[in-house]
Every structure is written in structure tokens, then in C-alpha cells.
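Notes for the one structure printed next.
The values are calculated or read from the model by the stated rules, or taken from the named source; none is laboratory data. Bear in mind the structure is a predicted one, so any value in this text is a computation, not a measurement. Cβ placement follows ideal geometry from the backbone for every residue including glycine, while neighbour counts extend to all protein chains displayed.
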Amino acid sequence: MAKTSKEKLLIGAHTSAAGGVHKALLHGQRIGATTIQFFTSNQRQWAGKPISDEELERWNKAKEETGLKELMTHASYLMNLGAPNPENLVKSRKALVDEIERCHQLELSYMNFHPGAALTDSVETCLDRIIESLLEVEKLCCGGPTRLLLEATAGQGSTVGHEFAHLDYIIKGVEKKIPIGVCIDTCHIFAAGYDIRNKQAWDATLKEFNDVVGLKHLYALHVNDSKFPLGKKRDRHASLGEGEIGIEGFKAMMQHPDLRELPKYLETPNPEIWPEEIQQLRDYAD
């Protein structure tokens, strides 16, 4: 398969939807993005409003005008599909349904979400409850184009998803029922102990991912440097080259045949330099 030209590689950022979801597309266009991630509703609140007909019309117009592709939403940070507390579990499952419905309205490619946190339970119990939560939306998932992506986590606190085996366990539990996949966050996997600071490190980490999960399940990347060293399980993003991963890691990422063509979304802490960071990544591609 022929390589995509550097200019058309899918590189963007998590852009602001303040004022309407279509604004996230326009923000992406302004910073030179070819793809974006955004929130379809306030990620700090349980209840999200449906997309109105007027908003959907503005979205579709902006989508056509900007030409952005492989669009992805990030589900609410409040959502814990493995919550041991029954009330929080019900709220989380309702939030999942609402998010998928908005994704289908907007015809998004991906819905990225944090798998969950064990809190007072064992990891296995939490993973089983996440699988149960996902299987509840089987019919809904089949009614639209959106694939659900498990975000690889940093391993802070009681969160699950920081080991490739966790992701594999969930995928095996749902893959025959719903469209599922993985989004690797570079800061998160580095914090979780997977080295990606150069080509050799990426090769080893991707071999392990392929052996455990399978590269066929990897659909997207969040691109962030890490403020903390390898394996510290601290989720603190840094601008590219200003953290512990370093520039060589991102050059290797952009040139790696298993990663080059995947959509990539910056979540680095300084939006003012996103245009430069997007171009920087583009320039690294071979």
C-alpha cells in the first residue's frame, strides 16, 4: 500500500467545542489539523444535551468545509464502567449510552474512553463489570458508524487499562458483539512502564502489544510527552520534547510503519503551540 503524503497524514489535537461542536472543526482547521478529538458535551457533568437539528446542520457544513477525517470524541471523565458503587455504575452506563447516541448523530469514527477504576474491587472484577457495561450497548453500537476505543491508561490509583493484558481481556470479552479497539496515549503507556524513547524501544513495546492484544486492534494515538519518568504511573502531559520521552521517541513514532498512518491527537498542555507541534510531527514522517 502506498504511503500517505506527509501533508495528508491524520494529525490534530483535542480542540474546543465551546459555542457548539462545529467550533471544534473550525478550531482544527485553524491549527492545521487533518483530524480532531473533542468533547460532545461537558465532560465534568453527568447529563449531556442531545445534538439539536440546528447544531447538526452547522456541524455537517463545517465538516464538509474543513475536510477533517477520522473524528473522535473523548467520553466523560466521570464515567467508570467498572464502578463498584451501583448508583455510579448506573450513571456511567447512562452516560455511555448518551455519548454513543451523540457520536452516531455526528457520524464520528471513534469514541475514546477510559476503561474504569477498580476502587474497592479486584482488577478482575472491575474488568468483568466493564465488559458487562459494554455488552449492554451492543444493539446501540450496531446502529451507527462509531468504534469504541479503550484508552491505555497510566495506572494512577486504582485505574485499570495500564497493562496491555487488561485491554486484551476487555477486547476478548466484547469483540464479537461490539466494534472495539485501542487508543494508545504515549504519556500513559510510558508512565505505565512501556518504553518508547527511541526506535528500538518502540519496536519492543509494539511487539509486546501485538503479542498480547494484537496490532489489528490499535486504531489511534494520543500524542503527549511525559513530565514524569518511565514507570512512575503519574499522568502528567508535557509538550513534545519537553518531557521524559523526548523528541527521538516522537520521531520514531512518526516513522514507524505500524504507526505512521494512524490518526494522532495532541493533548499537550499548551494549545498556543499546537500548530507548531502538528507541523513538527508532520516533518518527522519519512
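Looking across the range 223-251 at every residue that is buried (at least 21 other Cβ atoms within 10 Å of the Cβ) and small (G, A, S), the one that is nearest to L206 (Cα to Cα) is identified as G249. The residue of the range 1-36 that is surrounded by the most Cβ atoms within 10 Å (Cβ to Cβ), among those that are over 23 Å from S52 (Cα atoms) and among the charged types (D, E, K, R), is K6. For H166, the stated conditions do not hold, so it cannot be described as touching a helix residue (DSSP H, G or I) at 6+ places or on another chain (Cβ under 9 Å), modelled with pLDDT of 95 or more, assigned to a loop (DSSP other than H, G, I, E, B) and not hydroxyl-bearing (S, T, Y). Of all residues being touching a residue at least 60 places away in the same chain (Cβ under 8 Å) and more than 23 Å from L119 (Cβ to Cβ) in the range 70-88, which is surrounded by the fewest Cβ atoms within 10 Å (Cβ to Cβ)? Just the residue, please. Selected residue: E70.
Among all residues of the range 47-57, there is none that is under 21 Å from the mean Cα position of the chain (by Cα), in contact (Cβ under 8 Å) with a residue 60 or more places away in the chain and not in a helix (DSSP H, G or I).
Residues of the range 143-163 that are touching a Cys at 6+ places or on another chain (Cβ under 8 Å) and part of a strand (DSSP E or B): L148, L149, L150, E151, V160. The residues of the range 26-46 that are of a type outside the set (V, I, T), over 17 Å from the mean Cα position of the chain (by Cα) and within 20 Å of P275 (Cβ to Cβ), listed by number, are L26, H27, Q29, R30, G32.
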